[in-house]
Each structure stands twice: as C-alpha cells, then as structure tokens.
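S.K.: For reference, the structure I am asking about is given below.
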Amino acid sequence: MFDGELSGPHSNPRTGISKAFLGGRHKRLACHVIFTIIYTASMTTEHCEIMPPEALDSPTVTAKTTACFWLQIVLLVTASLLVYFQALQHHFLTNWDDLQYVLENQAIRGITPAHLREAFTRVHAGNYAPLHIISYMIDYELWGLNPAGFIGANVLLHTVNGVIFYLLLCRIAWAKPWVVVAALIFLVHPVQVESVAWVSERKNLLAMLFYLLAFHCYLSYKDENRAKKGLWYGVCLALFVCALLSKSVAVIFPLMLLLYDICLAPKGVASYRDKVPFVIAAAAIVAMTLVTQQSSMSDLGAGRTSYHGGSAFATFLTMLPVFASYLRMLVWPSGLSAIYSPAIKTSVDGAVFGAAMVCLGVACIGAVLWRSRRDLFFWYSLFILGLLPVAQIVPIVTLMNDRYLYFPLLGAAPCIALATVGEVSWTASRSPFRVAAACGAVVALACLAFVSYQRVQVWQSSYTLWKDTVQKAPRSATAHDGYGEGLLQRGALDEALGEFKESLQLQSSSGSVLTPRARASAALTHNNLGTVYGMKGMTAEAVVEFSTAVQLNPEFDKPRYNLGIALAQQGRLQEALESFIAAARLKPDNPVYQSQMRLTQDLLARGQAAR
C-alpha cells in the first residue's frame, strides 16, 4: 500500500466528539481550567476597580457593577463558544502541519522525561516552541489522538484569552461599553478563525495567553499601591519567557511596555532599566528563530527566504498593498483564505501608490493621536507593533496570513470599538445618537460572529479547506496540491490526479524550481502524484514519480518508502530494500519503515536459500 505524503494511517480521522471528551472528568476538567485562569487573571485585578473611584461610593452602584461585570464575562464566553463549538466535530488537517506537529510526532505521545527533553532540544516544522509541543502532550494524555480534544483546547484557550483581554481593558480604561465591544471583536472576528480552528496554530493562542498574563503582572508591578513589586516583576518576566517559548511573535512585548509607560502609566515617563531583561530574552529568541527558520529542503515549515522581488525595496513595495489589505480585512473581512498570493511589486504602480497613501493617512492619524490622545495612541500603535514580526523586515516565505492579525487585534479591537461606540459610560444619557451607535455595534458584532461561524465550517477537513482555497487562490500551487490530497483522502483519484498535475504546472511556470523550498514542494507533489498512480495500479508511472521526488529532495523519507513499495510490487526486492533502508535512516523512529525493511530482508534471504 502506498503511504503518500500526508496521507498515512491518520489521514482521515473521522472520529466524532468522543464521550470521553464531552463527558465525565474531561468536561469537568475543561470547566476547571477556564475558571481557574479567569480567577488567576481576576486576582491580578484585585483592588483595581472596574469603575472610576468616584462612582464606587454607593454600595448599590458597586453591587450593580459587579453583576454587570460577571454578566459581561458570561456574554464573552457564550459568544466565543457559539462561534467555535462546531469545530469540535472537525478533523486534523493532515496536509498542513497537523501531521508534523501531532499525528506523526512521537514526542507528543505522553508526558515523559524523554519527550520533555525532545520538546526543548528539537525544532518542529521550523519553529522552536517547546511549550507548544508540551501542550500537545497534555492533550494526548487527556484524549489520545481524538481531534475534538485538540481543537477543544484551542477553543478554550481563545475564549480564555478574550476574557483576560477584557480584564486587562477594565484595568486600564474602566468597564465602559467599548471595553466589552473590543473584547467581543477580539473573540468573534473572522480573521481569528485560522488561529483557533487549526490545531497547529496552537502556538498563537498559547503565546497570547502568557503575553496577556505577563501584561497583567506588569500593571501590578507598576501600581504604586501594590506590595511585593519585585515578585510581580519576576512573574511578569517568567510569563514573558513562556510566551516566547510558545511563539516568537511575543518579542514585541518590551516595546509594548515602553509604549505603556509613555502613553498610559500615571507618570507618563518610560523607564528603561527594568526593560533590559525583557530585551535580552527577546533577543535570544530572535537569534534562535533566525537559525531555526532558515529555509531547507528537509522542512517545509522553515519560514525564512530571500527578499521577495529580489531586493529589500521590492519587498517594501510589495508589503504596502498587504498592509492596506489587512486594514480592509479588519473592517470588511470578506474573501478570507488559507493562502494569499499578493502580487510581487518591483516598481511603483497604482496599487502601490494607493496603498502608500493609505499608509500615509495612518501615519498622520497616529501623529494627531500622539499629540492629543496618548491613551488612544497606545492602542493605535499596538496594532502596528503587532505587525512588525511579519512585516518582512526579515523576509519570510508567506507574505500574508489571517493568523498574522491575532496579535495586532489587541490594538485594533479597542480602536474599532472606540470608533463605533465612543467612550460613553453605562450610565450615560440615552440620546438617539448613542442608541443608534449601540444598535449599530450590536448588528456589526452579530455580522462578524456569523461570518466567523461560516468560516469555521471551511476548516472542517483538508478537503473543505483546500476546496475553498483553490476557489480563492486558483494560481496557488500549494492550494491545488492540498486540494488534491483532500480528494485523495476521499477516494476521488481522477480528480486528485488533475489537481496534482495542475500544481506541478503552476510550480514549473513560477520560475523558482531551483530553490530548496521549491524543490521540496515539487517533491511533495510528485510523491502525491505517485501515490495516485500506485492506487490506480499504474506501478511503472508511480516508480517514475517517486524517483523524481527522491531526486528533488533526498531528505524526504516518504517517497523513498513509497518507491520501495512500488519496486517490491515489480519484483525488484533488492532495490526496494535499499529504498526502505534509506527511508528508515531518515526516520529511524518510524515503525512502519523498520517493519517493511525487515520483511524485505526476510524475503530476500528466503529467496537466496531457495536457490
């Protein structure tokens, strides 16, 4: 049987929501986790009123405020679960990182000293994120390889992040209507779906959790009325390191702290000495990331590449329309896709000029806010700051992704909320304008939630995801290859064959077939094409495709194994054994490779004995 890249024994895990996940101790555990984290964040807000001091003199007001506060938290949790609960019936995306991170990753199969050591000493899919891997170990201990458990943990983390973000806003700006609107935007905005519905993007959610908790601790450290300031500082630093060990995007944290000191801290003066440990930690993870994400043929997850368009200036021109697209996606999130193919710009054209004007307008607004409203400037600049790690300062392969807006939404959500409902309080007079603004905000949030609900359905399986992506990015070779694998999993061999051929055609026309990453992508598609031929009984054609894949990427184990199977079917056992040995050498922990190698050795030995 041909294994096929990303279409092995776990390629179509159609396990539904298991009773173990929804019932008994696992359900109680999930509830305990969410309320424990909410309680932890609440403890960081202890003695930090959610309304201005002058409004807290009356016991009646205090009681009403407390009830409203908890009602809003229930609203946030409910909204998030309504959008994402359906994802518990989804499957692993077996042709987009879930295989590397979870299904074929022996290191996540239980919490053991050896697995923990591997999490901290090994790079997975081009990323050094040990806490990300450890979180999968916890999932595996709780519910094995049931996708409902892994996806449920993502939904839980995102929901908790939204609640902690709400608590953070309450500490900084009091519990005004725009605060709950901002938290709802963060939770139900459609650009968040990729980070939540995709198991492999757990690192985004984990990094955000530690990032927000670290910010809470920093606020406590800066609070003049707090005792044990050194303890709060130490916990803040530890949580920041945890965020870095979840995803490197958290490196923006020290810059955000400086912005807070300047814009929102009572004294309005930045302190630099206490930021030094944070900068050192961030610099260390930046150096690690630069090394681990170097493009290589052995790991398609590696993210670094050369400058798009051949120069830094071309990359800069290309990113201007991308930035404008991000702004559009925030206010009008239509046409969202798993893959985007922005046009590479090497000179100024209409699109670049228009995007440059948009960026100039954004800069002018920022300058006005800096001079007049430092508190609003903080959130405004936090959106820009969140985009810095993916702004191609260090060029990475993907120019644009929905998940790249997960951190920027920390700044964008308050800005959108303030622009929608303003800074009125709950007790403000209900003028027609304010009522209209409130109704508009409710309708807008409902629309965002509905679009997100529909977008979650796209991420149900490899087939549904890549079918949607091919429609939106028809010139993407990766999309056609992914859709072909989705069709292959459903047994639609002829349709899959057409998609793989289309992918190879697009790759050959791109003019980048000689780069290591392009060769690795082509090897993947040739391996998939060989798998289809093998399943159709066209063994000779399969041998050609697998051999081509091996030539393109000698470090790719699956075509070597599949080539061995095809050669064995042709009776070429000695050549088959050589392929099995090569595959086992590349992946020594794969029991299937070892078993097939021993079986072929036995067959050869019996054949020689019979002579």
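The values are calculated or read from the model by the stated rules, or taken from the named source; none is laboratory data. These numbers were taken from a predicted model, which means no experiment stands behind them. A quick note on method: Cβ atoms are made from the backbone with ideal geometry, for glycine too, and the neighbour counts reach across all protein chains shown. Accessible surface areas use protein heavy atoms only, side chains included; no ligands, DNA or RNA. Shrake-Rupley method; radii C 1.70, N 1.55, O 1.52, S 1.80 Å.
S.K.: According to a simple spin-label model (label point 7 Å from Cα along Cα-to-Cβ), what is the distance in nm between residue 434 and residue 70?
M.R.: 2.7
S.K.: Here's a follow-up. What percentage of all Cα-Cα pairs in segment 465-611 are separated by more than 20 Å? Please list the in-between numbers first.
M.R.: Working: 5493 of 10731 pairs.
In whole percent, the long-distance tail amounts to 51.
S.K.: Taking the structure as given and computing mean projected area of the Cα convex hull in nm², which label from (i) 30.2; (ii) 28.6; (iii) 52.6 fits?
M.R.: Derived directly from the coordinates: (i).
S.K.: Using the charge dipole of the chain (Lys, Arg: +1 at Cβ; Asp, Glu: -1 at Cβ; taken about the Cα centre), state which of 151, 164, 219 has its Cα farthest towards the positive end.
M.R.: 219
S.K.: Assuming R0 = 22 Å, what is the FRET efficiency of residue 226 and residue 270, from their Cβ-Cβ distance, to the nearest 0.05?
M.R.: The formula returns an efficiency of 0.70 here.
S.K.: Here's a follow-up. Rounding to the nearest 10 and keeping the result within 0 to 90°, find how far the Cα-based axis of helix 276-292 lies from the longest principal axis of the chain.
M.R.: Approximately 20 degrees, to the nearest 10.
S.K.: So what's the angle, to the nearest 10 degrees on a 0 to 90 scale, between helix 59-84 and the longest Cα principal axis of the chain?
M.R.: The angle comes out at about 20 degrees.
S.K.: Relative contact order for the chain using alpha-carbon pairs under 8 Å, separation at least 6, rounded to a whole percent?
M.R.: With pairs under 8 Å counted, the relative contact order is 16 percent.
S.K.: Which order, highest average first, do 143-153, 303-313 follow once you tally other Cβ atoms within 10 Å for each residue and take the mean per peptide?
M.R.: Values: 143-153: 22.0, 303-313: 15.9.
Per-residue mean Cβ counts within 10 Å order the peptides as 143-153, 303-313.
S.K.: Lys/Arg Cβ at +1, Asp/Glu Cβ at -1, dipole of the chain taken about the Cα centre: which of 535, 400, 114 is farthest positive-ward?
M.R.: It is 114, whose Cα lies furthest towards the positive end.
S.K.: What is the helix-to-structure angle for 477-489, meaning the angle in degrees between its Cα long axis and the longest Cα principal axis of the chain, kept from 0 to 90 and rounded to the nearest 10?
M.R.: Tilt relative to the chain: about 70 degrees.
S.K.: Add +1 for every Lys or Arg and -1 for every Asp or Glu among the other residues with Cβ under 15 Å from the Cβ of residue 368, and state the total. Spell out each step's value before the answer.
M.R.: On the way: positive: 371, 373, 374; negative: 375.
For residues surrounding residue 368, the net value is +2.
S.K.: Calculate, in nm to one decimal, what residue 397 and residue 294 gain on full extension: separation in residues at 0.36 nm each, minus their alpha carbon distance.
M.R.: Once the chain is fully extended between residue 397 and residue 294, it gains 36.1 nm.
S.K.: Sort 406-415, 436-445 by packing, meaning the average of other beta carbons within 10 Å per residue, with the highest value first. Working shown, then result.
M.R.: Numbers: 406-415: 25.0, 436-445: 14.5.
Per-residue Cβ counts within 10 Å, averaged per peptide and sorted highest first, yield 406-415, 436-445.
S.K.: While we're on this one: Enumerate the calculated ³J(HN,Hα) couplings along segment 237-243 in order (Karplus 6.51 cos²θ - 1.76 cosθ + 1.60, θ = phi - 60°), each rounded to whole Hz, writing x wherever the residue is Gly or Pro.
M.R.: Running phi through 6.51 cos²θ - 1.76 cosθ + 1.60 with θ = phi - 60° gives 4, 5, 5, 5, 4, 4, 4 Hz.
S.K.: Now for a different question. Out of the total accessible area of segment 473-577 (probe 1.4 Å, heavy atoms of protein only), what percent is carbon and sulfur?
M.R.: 52
S.K.: Under a 5 Å amide H to amide H cut-off, with H placed in plane at 1.01 Å, what residues pair with residue 396 once short-range neighbours are removed?
M.R.: 305
S.K.: Let me ask you something else. Subtract the Cα-Cα distance of residue 114 and residue 370 from 0.36 nm times their separation in residues, and report this length gain in nm to one decimal.
M.R.: Values: separation 256, 0.36 × 256 = 92.16 nm, distance 5.13 nm.
This chain segment gains 87.0 nm when fully extended.
S.K.: While we're on this one: Can you give me the distance in nm between label points at residue 359 and residue 467, each placed 7 Å from the Cα along the Cα-to-Cβ direction?
M.R.: Those two pseudo-labels are separated by 3.9 nm.
S.K.: Something else: Once fully extended, how much extra length lies between residue 283 and residue 328, figured as 0.36 nm per residue of separation less the alpha-carbon to alpha-carbon distance?
M.R.: Going from the current span to full extension adds 13.0 nm.
S.K.: Something else: Taking amide H positions as placed 1.01 Å from N in the peptide plane, with prolines and chain starts having none, which residues 5 or more places from residue 124, or on another chain, fall under 5 Å of its amide H?
M.R.: Placed amide hydrogens put 129 under 5 Å from residue 124.
S.K.: Name the aspartates and glutamates eligible as straight-distance cross-link partners of residue 467: C-alpha to C-alpha under 13 Å, and not fewer than 8 places from it in the same chain.
M.R.: Of all the aspartates and glutamates, those that pass the test against residue 467 - Cα under 13 Å, at least 8 places apart if same chain - are 481, 485, 495, 499.
S.K.: By a straight-distance test (C-alpha under 18 Å), which lysines pair with residue 536 as possible cross-link partners, with residues fewer than eight away in the same chain excluded?
M.R.: 501
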